[in-house]
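What follows is a short report on a single structure.
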Amino acid sequence: LVIDPIKSLMKDQVDNLLKAQIDACTFINSSIKSRKEKIANTHKMQRGEVLFTFVSPERLQMEEFRAVLVEMPEKHKVYFSFCIIDEVHCVSEWGHDFRTSYLRLGENAMKFCKVKNEGDEIPLFGLTATASFDVLADVQRELKLLDDNAAIVSSENNSRPELKFEIIKVDDIDTALIAVPKD
């Protein structure tokens, strides 16, 4: 299960997986206007026909969706391997203000997304390229990952070849740009 903050990001990620010939993926969100298609995508997840299902944090608060998650291991013998929270900095940056569903995300994932080994909790993976140390500490606290042995914070290569900047020296500080995108 992959939690994404934005509908267009879910669609982009599914489209990119499809381009990479990974077709066992779907998303479930309000951009799907047809109830029939939304149900079909939910059934694909429920029956284990997909490897990746992209949803919003709010979906984990919907009783109907929670019921599907609870039913998966009982009825279909389908379990989750991981819960991935993409753009995990949103837990800290949005959760306190206007998307409070982020604040219960870890708790909801652990309660409703079951793994095969009974008694084990689903592993949470939080991914971000834009979080400060303070934001990561807040994320760890909000997701209730307080055991330092269970929470691994890793900073990998932050090289982003698609982002290029050029430093321009200027004399007038009032109109200065520190960095501008380079074409």
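Among the protein heavy atoms of region 1-93, carbon and sulfur supply 52% of the accessible surface, probe 1.4 Å, non-protein parts ignored. Applying 1/(1 + (r/R0)^6) with R0 = 25 Å to the Cβ-Cβ distance of ALA67 and ASN16 gives a FRET efficiency near 0.25.
The values are calculated or read from the model by the stated rules, or taken from the named source; none is laboratory data. Quantities reported herein were computed from a predicted structural model and do not represent experimental measurements. For neighbour counting, all protein chains shown are included, and Cβ atoms are generated from backbone atoms with ideal geometry for every residue, glycine included. With ligands, DNA and RNA removed, areas are computed over all heavy atoms of the protein, side chains included. Shrake-Rupley method; radii C 1.70, N 1.55, O 1.52, S 1.80 Å.
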